[in-house]
Amino acid sequence: MCGIVGYVGNAQAYPILIEGLRSLEYRGYDSAGVAIHQGNRLVIHKQAGRLNELAQALAQEDVSGTTAIGHTRWATHGKPSDRNAHPHSDCTGQIVAVHNGIIENYLALKEWLQEQGHIFNSETDTEVIPHLIEHFYHGDLLEAMRDVTRRLKGSYALAVLHRDHPDEIVAVRKDSPLVVGLADGQNFLASDIPAILEHTRAVYILNDGELVLLTAQNVKVFDEQGCEKVKEVFKVDWDPIMAQKNGYEDFMLKEIHEQPSAIRRTLGDHITADGRIKLDEVRLTPAAIKSLAKINVVACGTAYHAGLVGKSLLEKLVRIPVEADLASEFRYKDPVIGPDTLTIVISQSGETADTLAALRESRKLGSRVLAITNVVGSSVAREADDVIMTLAGPEIAVASTKAYMTQLVALYILTLFLAQERGTLAKERIRFLAEELRQLPETVEKALTTEPRIKELARDFQQCEDIFFIGRGLDFAVSLEGALKLKEISYIHAEAYAAGELKHGTLALIVKGVPVFALATQPELYEKMLSNIKEVKAREATVVAVVPTGDHGTAKSVDFVMHIPKTDPLLEPVLAVVPLQLFAYYAAKTRGCDVDKPRNLAKSVTVE
């Protein structure tokens, strides 16, 4: 969440900043601003609202200058407003700062600074930073930044300009991502790689505690003690075209249709010609795999829903106890884990603050950590013991689709690999499931052919304010994801329930005409699920069933049927989510919602 872009070089900085910030709009924001070096002064322009509004307001302004920083803010401290927008300055106007993250001890710092005579103009935690730099600055901006960070508690990616250092940007990172883009005669700063991808593929990925000094000709990186470090250059290998709409009306729809190719990339060469699972990136020894006593799956939001599917698969096929936890709760529950526990953390961005904290807590307690993530070089990828990359490519829409799909695929690969190594599943069964997995890209393409019918269904339900999703077993995990997709982009109140729990309170909410999506893809639970469908039909609900092709019996008991291709029941969660994604998308479109940038949400949640 939030976006930072910085530039120092010989070109005009403002167009580069605006272009870079536009590429970060998917992260979510409610205000924007820039600070530009102009001669012997720093000029700040900022306001609440979309980036376009800032750009229009500055159309006739002097925005010249070759050193600048820009920011898009997602409100945490103080409502969205012009005065709370970044950049923020000190009392003198000589120092400006932009900040992603949260300064947890800002109130104590603010009170102390006010006692020293500093005057504050915003409600934000960020404003303490330029005032602290003002207090500790004695001619060396880098040293002042180091003094300040010693006093900050919380998470931050910071970028600072000083009037007396017209060709420098100083930045630092702790628990919030920050990268440096390298080019001849110019250098870039950003909170995410897409912001600078049009200009360079060579980047430094900053680690926690590292400070960086950027000039047009040089980039120097220092550790917390002030010692200069030699950084490895990371080469970005994805094309900017992957982050463009390619004729689709919205990124979300494009990303839904990219799921077959994303699955194909994630499968890679993990399935051998003879049907075995190869997972070279997991360096667990056979003895360590056999000695595992427990697995913890930890994630947030959509990734957590993928983790629930993974929990069921691992317990069913690997025969090992599995706990699935929300990362935001995990480290506060005093988890019981140790050297015989494998912790699986799942994060699309690899920077999710709660998931990263859970990773660190697990390692501290002696657990080996395996990460499933979409971003090479992210904090999660760097700090985990083993990493399975999902290879979904850049996902721009806030509501995750192809990243979720590839997380599922990674969990299937991992599950079959562990079952193979522990000998808990017959070789013939592994070969069969591996072949079904190999066919998933084509099977998902067939599932996408339901789009025209789902578009009509979404139009029928566009006035609904409550929609329920029910399922059993693996279907319940998919129901949770279907409900989340719908509520986060259409703003329709949606809830998912384990179908067997209906009679324990939820039936009180079922009245005439209320839509209920019923997932019935698991044969061993089919009769039970049919009984639950009849329970809601008896209360005059409008029922939409999601069933495999060939199921004709369910249609007699429901109002609408969404057919998905038939595969092994264990793989049906991959297919069942497709019509739910499409329904959420078209429900949001018919209601006039901003599908790619839903209100109040951010793509990468880098604060707790």
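State whether the residues of segment 354-369 include one that is part of a strand (DSSP E or B), within 25 Å of Asn207 (Cβ to Cβ), among the charged types (D, E, K, R) and in contact (Cβ under 8 Å) with a residue 60 or more places away in the chain. Checked segment 354-369: at least one residue is part of a strand (DSSP E or B), within 25 Å of Asn207 (Cβ to Cβ), among the charged types (D, E, K, R) and in contact (Cβ under 8 Å) with a residue 60 or more places away in the chain. Every listed requirement among (1) more than 12 Å from Thr343 (Cα to Cα); (2) more than 14 Å from the chain's Cα centre (by Cα) is met by Ala358 save one, (1). Once segment 469-520 is narrowed to residues that are more than 22 Å from Glu572 (Cβ to Cβ), aliphatic (A, V, I, L, M) and crowded, with 18+ Cβ neighbours inside 10 Å, the residue that is modelled with the lowest pLDDT is Ile510.
Checking each residue in segment 273-292 for being on the phi < 0 side of the Ramachandran plot and part of a loop (DSSP other than H, G, I, E, B) picks out Ala273, Asp274, Arg276, Lys278, Leu279, Asp280, Glu281, Val282, Arg283, Leu284, Thr285, Leu292. Once segment 62-92 is narrowed to residues that are under 17 Å from Gly49 (Cα atoms) and among the aliphatic types (A, V, I, L, M), the residue that is most open to solvent (accessible area, probe 1.4 Å) is Ala75.
Looking at segment 122-129, is at least one residue out of contact with any Phe, Trp or Tyr (no Cβ under 6 Å at 6 or more places or on another chain), in a loop (DSSP other than H, G, I, E, B), of a type in the set (Gly, Ala, Ser) and in contact (Cβ under 8 Å) with a residue 24 or more places away in the chain? Yes; the residues of segment 122-129 include at least one that is out of contact with any Phe, Trp or Tyr (no Cβ under 6 Å at 6 or more places or on another chain), in a loop (DSSP other than H, G, I, E, B), of a type in the set (Gly, Ala, Ser) and in contact (Cβ under 8 Å) with a residue 24 or more places away in the chain.
In segment 174-217, the residue that is least open to solvent (accessible area, probe 1.4 Å) out of those that are of a type in the set (Asp, Glu) and assigned to a loop (DSSP other than H, G, I, E, B) is Glu210.
Residues in segment 23-55 that are modelled with pLDDT under 90, of a type in the set (D, E, K, R) and surrounded by 19 or more Cβ atoms within 10 Å (Cβ to Cβ): 3 in all. Those residues that are at pLDDT 95 or above, within 32 Å of the chain's Cα centre (by Cα) and either polar (S, T, N, Q) or open to solvent by less than 10 Å² (accessible area, probe 1.4 Å) (or both), I need them from segment 159-173; list them, please. If the condition is that a residue be at pLDDT 95 or above, within 32 Å of the chain's Cα centre (by Cα) and either polar (S, T, N, Q) or open to solvent by less than 10 Å² (accessible area, probe 1.4 Å) (or both), then Ala159, Val160, Leu161, Ile169, Val170, Ala171, Val172 are the ones that fit.
Any residue at all in segment 223-246 that's open to solvent by 10 Å² or more (accessible area, probe 1.4 Å), touching a Pro at 6+ places or on another chain (Cβ under 7 Å) and small (Gly, Ala, Ser)? Yes; the residues of segment 223-246 include at least one that is open to solvent by 10 Å² or more (accessible area, probe 1.4 Å), touching a Pro at 6+ places or on another chain (Cβ under 7 Å) and small (Gly, Ala, Ser).
None of Asp568, Asp594 is open to solvent by 50 Å² or more (accessible area, probe 1.4 Å), acidic (Asp, Glu) and within 30 Å of the chain's Cα centre (by Cα) except Asp594. The set of residues from segment 109-133 being under 18 Å from Asp82 (Cβ atoms) and either open to solvent by 40 Å² or more (accessible area, probe 1.4 Å) or touching a Ser or Thr at 6+ places or on another chain (Cβ under 6 Å) (or both) comprises Ile119, Asn121, Glu123, Pro130. Cβ-Cβ contacts under 6 Å between residues 6 or more apart (or on different chains), taken from a first residue in segment 7-27 that is assigned to a helix (DSSP H, G or I) to a second residue that is open to solvent by 30 Å² or more (accessible area, probe 1.4 Å), are listed as Ala13/Thr66. In segment 397-427, the residue that is farthest from Glu249 (Cα to Cα) out of those that are open to solvent by less than 10 Å² (accessible area, probe 1.4 Å) and among the polar types (S, T, N, Q) is Thr415. Among the residues of segment 93-108, those that are within 31 Å of the chain's Cα centre (by Cα) and either open to solvent by less than 20 Å² (accessible area, probe 1.4 Å) or on the phi > 0 side of the Ramachandran plot (or both) comprise Val96, Ala97, Val98, His99, Asn100, Gly101, Ile103. Could you grab me the full set of residues in segment 297-326 that are of a type in the set (Gly, Ala, Ser) and either more than 17 Å from Thr390 (Cβ to Cβ) or surrounded by fewer than 19 Cβ atoms within 10 Å (Cβ to Cβ) (or both)? Ser312, Ala324, listed by residue number. Kindly list the number of the only condition in (1) more than 21 Å from Glu19 (Cα to Cα); (2) part of a loop (DSSP other than H, G, I, E, B); (3) of a type in the set (D, E, K, R); (4) touching a residue at least 12 places away in the same chain (Cβ under 8 Å) that fails for Asp269. The failed condition is (4).
No other residue among Ala144, Ala159 is part of a strand (DSSP E or B) and of a type in the set (Gly, Ala, Ser) apart from Ala159. Could you go through segment 592-599 and let me know if any residue there is of a type in the set (Gly, Ala, Ser) and in contact with a Pro (Cβ under 8 Å, 6 or more places away or on another chain). No. Taken over segment 431-465, the criterion of being open to solvent by less than 40 Å² (accessible area, probe 1.4 Å), closer than 18 Å to Leu580 by Cβ and in a helix (DSSP H, G or I) is satisfied by Leu440, Thr443, Val444, Ala447, Leu448, Thr450, Glu451, Ile454, Leu457, Ala458.
Selection of segment 521-546 for residues being over 25 Å from Leu570 (Cβ atoms), of a type in the set (Lys, Arg) and in a helix (DSSP H, G or I) yields Lys534, Lys537.
The values are calculated or read from the model by the stated rules, or taken from the named source; none is laboratory data. Everything numeric here is computed off the predicted structure, so don't read it as measured data. Backbone-built Cβ (ideal geometry, glycine too); neighbour counts: all protein chains shown. Just so you know, the surface numbers come from the protein's heavy atoms only, side chains and all, with ligands and any DNA or RNA stripped out. Shrake-Rupley method; radii C 1.70, N 1.55, O 1.52, S 1.80 Å.
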